[in-house]
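Below is one structure; the comments refer to it alone.
The values are calculated or read from the model by the stated rules, or taken from the named source; none is laboratory data. Given the structure is predicted, the values throughout are model-derived calculations rather than measurements. Cβ coordinates were reconstructed from backbone atoms using ideal geometry, including for glycine residues, and neighbour counts include every protein chain displayed.
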Amino acid sequence: MVHPKTPVTLQDVSREAKVCLNTAAKVLAGQAKIARISNKTAERVRKAAEKLGYVPNIMARNLRAKNSRNIAVFISDMTDYIYTESCHRIVEKLYVNDYFPIVSIAEIGLELCFQQWLQNRIEGVILCGTTKLINSDFIDRLHHHHILPLIAGCAFHDPDAPLLRSLNVSIVTTDNHLGIQLVIQHLHEQGKQRIAFIT
């Protein structure tokens with residue numbers, strides 16, 4: 001019978017690298033420069049971690065840290081290519097910038113998503129689109145729990161909706177109306193007169 005291998009601990013890494021536990025922890029948390037740990041020592045710790053196959057316990061690290069660096073990415077419609085593609089790009093960028101994305105989809109229910117966000121101590125939520133349940137009360141609820149909301153993509157079918165203006169939330173979107181105007185202007189300048197539009 002094969003017994004599972006005992007997980008490598010941070011203490012094992014510090015012992016292998018011949019540094020104190022605190023130094024190993026800071027290096028593997030990406031805080032070597034802030035803690036003024038030399039490049040030589042930091043590299044020794046990283047090599048020791050790689051040699052031993054050390055995998056950091058993210059949950060334990062988050063419990064110790066003031067900030068969890070967990071960001072929720074909410075997809076309002078899994079069948080919408082724009083939202084799923086936006087989510088894909090957002091997740092890529094979060095990883096590159098040392099954030100941990102937690103993907104949630106509207107189909108499981110907004111309340112379940114919200115509970116998942118609280119349990120994972122998220123710092124912010126990026127809403128790839130919205131649903132009717134994402135209203136000013138919901139945004140206020142996020143703020144109450146110190147969760148920073150941001151809407152990526154089209155928030156509502158009507159960009160001038162009073163609800164959109166009343167929300168205390170940042171929005172990153174495109175001006176589709178201006179985009180269509182520029183396309184038509186460009187085609188007109190090229191001498192085109194019979195223009196079809198396919199959605």
For this session: Check off (1) within 19 Å of V172 (Cβ to Cβ); (2) assigned to a loop (DSSP other than H, G, I, E, B) for K93 and give me the number that stays unchecked.
Result: (2)
Exercise. For segment 104-131, which residues satisfy the criterion of being among the charged types (D, E, K, R), over 16 Å from D80 (Cα atoms) and loosely packed, with under 14 Cβ neighbours inside 10 Å?
Worked result: E111
Exercise. Can you tell me which residues in segment 28-45 are charged (D, E, K, R) and farther than 15 Å from D98 by Cβ?
Worked result: R36, K40, E43, R44
Exercise. What single numbered condition from (1) farther than 30 Å from A17 by Cα; (2) within 15 Å of the chain's Cα centre (by Cα) fails to hold for M78?
Worked result: (2)
Problem set entry | strands (runs of 3 or more DSSP E) contained in segment 112-190 and holding at least 2 residues modelled with pLDDT under 85 and touching a Pro at 6+ places or on another chain (Cβ under 6 Å) | none
Problem set entry | Filter result for the condition that a residue is within 21 Å of Q115 (Cα to Cα), surrounded by fewer than 17 Cβ atoms within 10 Å (Cβ to Cβ) and not hydrophobic (A, V, I, L, M, F, W, C), over N39, N97, N67 | N67
